[in-house]
Amino acid sequence: MAPVAIVAGENRVSNAAVSMQLAELGWDVAILCRDSTAGAETVNRIRESGRQALAVETDIADSVSVDAALGRVCAELGDPNVLVNNVAVTVRDSLSRISDDDWRAVAGRPLRGLFVASRSVIDPMIRQGWGRIINIAHLPASVASGPHDHSTVLSGLEGFTRTIALELRAFGITVNAIAPAPPAADIRAGAGPRIADAAGARYAAQIAAAVPFLVSGGASSVTGQVVHVGDEEMV
C-alpha cells in the first residue's frame with residue numbers, strides 16, 4: 001500500500017505542483033481545498049500516472065470540515081504520513097485602514113487553518129511512528145510594493161512550525177516550513193495572462209522542488225527549520 005500525503009490549501013497552482021511532485025515520488029495524494037473542482041485536473045493527472053488521488057471540498061479553517069475530510073482520506077486512501085499546508089499570505093491595507101473583519105481574514109483565518117489541519121493529522125502520524133508536516137507560506141504578488149501586514153502570518157507560521165517541531169520530534173514527526181521569495185516581476189507587473197500563468201507555474205514548481213528532501217528519510221533529523229526558496233528570476 002502506497003504512503004499517503006495530504007495537500008491542503010487554496011492556492012490551486014501550488015496544490016497541483018506539490019501534489020504532482022509527491023505522486024512522482026510514489027505517494028497517493030488527497031487535495032483538501034474549498035472548491036474540489038479546482039483539484040479535479042490534478043487528480044486525473046495523478047491517477048493517469050498510476051497513483052491514487054482524490055480532491056475533497058474542505059474549509060481548512062473549520063475543524064468539523066477538516067475532520068470529515070480526514071475521515072474520507074483515511075477510508076479511501078489510508079492514514080496520512082505527510083501533510084503539506086499551503087498557507088495563503090494576503091495583503092490588504094495599512095494598519096490604520098484595515099478593518100476588524102479584514103484583520104481576521106488576513107491573519108486569523110490562515111493561521112487557524114494551519115493549526116486545524118496540523119492538529120488533525122497528529123494522531124494518525126503518531127500511530128505510525130513517522131510523519132512529515134510542511135508549511136508553505138505563499139506570498140502575494142503585491143508584497144514587493146504593498147503594505148507588509150503579511151509579516152504577521154509569516155511570523156506566526158514560522159513560530160508555529162518551530163513550536164510543534166519540538167513537541168512532535170519524539171514521535172518521529174518532523175515539521176518544517178518553506179518560505180519562498182516574492183513572485184517574479186512578470187507576475188507582479190500586470191503581465192498578460194499567458195505570461196503571468198507561466199510565471200506562476202514556474203514559481204510553484206520552485207516551491208514544490210523543495211518538498212522531496214523534506215519528506216524523505218534523509219531529512220529525519222531536519223525539523224523546526226525554515227527553507228528559504230528564491231525565485232530564479234530575482235537572483
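Applying a threshold of 7 Å to beta carbon distances and a minimum spacing of six or more residues, or different chains, the list of pairs starting in segment 154-168 at a residue that is of a type in the set (Val, Ile, Thr) and ending at one that is part of a helix (DSSP H, G or I) and buried (at least 19 other Cβ atoms within 10 Å of the Cβ) reads 164/118.
Of all residues being among the β-branched types (Val, Ile, Thr) and under 17 Å from residue 64 (Cα atoms) in segment 80-126, which is farthest from the chain's Cα centre (by Cα)? Just the residue, please. Spell out the reasoning first.
Kept after step one, since they are among the β-branched types (Val, Ile, Thr), are these residues of segment 80-126: 82, 84, 87, 89-91, 98, 106, 116, 121-122, 126.
With under 17 Å from residue 64 (Cα atoms) added as a condition, the list becomes 116, 121-122.
Working: 116: 13, 121: 14, 122: 16 Å.
Top of the filtered list is 122.
The number of residues in segment 34-68 being in a loop (DSSP other than H, G, I, E, B), small (Gly, Ala, Ser) and loosely packed, with under 15 Cβ neighbours inside 10 Å comes to 2.
From the set of residues in segment 106-124 that are among the hydrophobic types (A, V, I, L, M, F, W, C) and open to solvent by less than 40 Å² (accessible area, probe 1.4 Å), which is farthest from residue 135 (Cα to Cα)?
In the first step, residues of segment 106-124 are kept if they are among the hydrophobic types (A, V, I, L, M, F, W, C); the result is 106-107, 111, 114-117, 121-122.
After this cut, where a residue has to be open to solvent by less than 40 Å² (accessible area, probe 1.4 Å) as well, the list is 106-107, 114, 116-117, 121-122.
Working: 106: 17, 107: 15, 114: 8, 116: 13, 117: 10, 121: 13, 122: 14 Å.
Here the residue is 106.
Residue-wise test of (1) in a loop (DSSP other than H, G, I, E, B); (2) touching a strand residue (DSSP E or B) at 6+ places or on another chain (Cβ under 8 Å); (3) in contact (Cβ under 8 Å) with a residue 40 or more places away in the chain; (4) among the small types (Gly, Ala, Ser).
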residue: 73; (1), (2), (3), (4): no, yes, yes, no
residue: 83; (1), (2), (3), (4): no, yes, yes, no
residue: 102; (1), (2), (3), (4): no, no, no, no
residue: 109; (1), (2), (3), (4): no, no, yes, no
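The requirement of being over 16 Å from the mean Cα position of the chain (by Cα), farther than 29 Å from residue 108 by Cβ and in contact (Cβ under 8 Å) with a residue 60 or more places away in the chain is fulfilled nowhere in segment 50-68; no residue meets it. The single condition from (1) modelled with pLDDT of 90 or more; (2) open to solvent by less than 30 Å² (accessible area, probe 1.4 Å) that residue 89 fails is (1). For the condition in contact with a helix residue (DSSP H, G or I) (Cβ under 7 Å, 6 or more places away or on another chain), modelled with pLDDT of 70 or more, farther than 15 Å from residue 89 by Cβ and aromatic (Phe, Trp, Tyr), residue 160 does not qualify.
Scanning segment 1-25 for residues that are closer than 19 Å to residue 124 by Cβ and open to solvent by 10 Å² or more (accessible area, probe 1.4 Å) turns up 1, 2, 3.
The values are calculated or read from the model by the stated rules, or taken from the named source; none is laboratory data. Keep in mind it's a predicted model, so treat the numbers as computed, not measured. Please note: Cβ atoms are built from the backbone with ideal geometry, for glycine as well, and neighbour counts cover all protein chains shown. These area figures cover heavy atoms from the full protein model, side chains too; ligands, DNA and RNA do not enter into them. Shrake-Rupley method; radii C 1.70, N 1.55, O 1.52, S 1.80 Å.
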